[in-house]
Amino acid sequence: MDNLDLDKLTENNQERDYFYQFDRQMHQFMVRKFLPYFSDKPNTALELGCFEGAFSTLIQPYFSQLTLVEGAEKAAEKTRHLFSSYSLAATESIEVICERFENLQLNQQFDAVFLLHVLEHIEVPSELFQRIKQWLAPQGRLFIACPNAMAASRQIAVKMGLISEPEAVTDGERLHGHYRTYALHTLSDEVDRVGLTIIESGGICFKPLANFQLDKAYEQKIIDDAFLEGCFKLGDEYPALCASIFVVATLPN
């Protein structure tokens, strides 16, 4: 992300007015997908690209130490503020670092590393993966999630002539710093190429509508949390059509 103004990208993301409810639900759905791979012992976690800390608050109870990294100063400061109301014991176990990944220096290994809706923003993913392999403990787990290029809503947009092909990077995505899109097989291939071992992969939440359509439908009470729960469960049957795709990986034995 050398050539990107991270604070400008943060402003662009903050200007989005679509479906924060769906974002909130997706964070919860991600935790539910990843929870079976969390250790029940005291352990440490690293989240790369935490943005404003929304997902971080959901995983904090599961880890004895949480290190959060965000390249945009405004977003990092909002994350610090978000956790400022936590108990002293909790805040002492949380570190928020404002730094670009390529300059990040960490002197420990982590039991869990999270890379959520970040990989599509990385110009050279292989370089970041090599660094992550140094930060991941021998039995640690890497949790990756990316927006799905093959989501049902996106394929409908292709049929409508709004997108040239599912994998195309749209103008809006480019504005928000996306270099590429991923489908489930291309994300898995990316992880395989860098020598990590995939222990689980799939989709998170079947997505029948675009974000702005979900936003309007939720505001007008056409859909509700029960509808989204149904979409989450349906995603287990149709992972390739989900809103996000995920991989859980570890270092090779």
Over the stretch 95-253, average the accessible area per residue using a 1.4 Å probe and give it in Å², no decimals.
48
Please get the size of the charge dipole for the stretch 62-205, origin at its Cα centre, with Cβ charges of +1 on Lys and Arg and -1 on Asp and Glu, quoted in debye to the nearest 20.
180
Charge dipole of the chain about the Cα centre (unit charges at C-beta), most positive-ward option of LEU241, PHE55, LEU88:
LEU241
GNM result for the chain, Cα springs below 10 Å: residue of ALA243, ALA151, ALA168 fluctuating most strongly:
ALA168
Label-zone membership for the stretch 201-235, site ARG32, 7 angstrom Cα→C-beta point, backbone N under 13 Å
204-206, 225-235
Output the direction-averaged projected area (hull surface divided by four) of the convex hull of the alpha-carbon atoms of the stretch 171-241, in nm².
6.3
Enter the mean projected area of the convex hull around the alpha-carbon atoms of the chain, in nm², rounded to one decimal.
13.5
Run lengths n ≥ 4 of DSSP H only: what is the helix-derived mean residue ellipticity at 222 nm for the chain, with -39500 (n - 2.57) per run over all residues, to the nearest 500?
-11000 deg cm²/dmol
Short version: what are the Cα gyration tensor semi-axes of the stretch 107-214, square root of 5 times each eigenvalue, largest first, in whole Å?
29, 14, 12
Could you work out what % of the accessible surface of the stretch 30-118 is carbon and sulfur, using a 1.4 angstrom probe and leaving DNA, RNA and ligands out of the count?
50
Can you give the accessible area of GLU173 in Å² (nearest 10), computed on protein heavy atoms with a 1.4 Å probe?
30
Note, ³J(HN,Hα) from phi for the stretch 38-50, Karplus 6.51, -1.76, 1.60, rounded to Hz, x at Gly and Pro:
7, 7, 8, 9, x, 8, 10, 9, 10, 10, 9, x, 6
Which of LEU48, LEU82, LEU184 moves most in a GNM of the chain, Cα contacts under 10 Å?
LEU82
Under a point-charge model restricted to the Cβ atoms of Lys and Arg (+1) and Asp and Glu (-1), what is the dipole moment magnitude of the chain relative to its Cα centre, in debye to the nearest 20?
480
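The values are calculated or read from the model by the stated rules, or taken from the named source; none is laboratory data. What you see is a predicted model; the values in this text were computed from it and never measured. As a convention, Cβ positions derive from the backbone with ideal geometry for all residues, glycine included, and neighbour counts pool all protein chains shown. Surface accessibility is based on the protein's heavy atoms, side chains included, excluding ligands, DNA and RNA. Shrake-Rupley method; radii C 1.70, N 1.55, O 1.52, S 1.80 Å.
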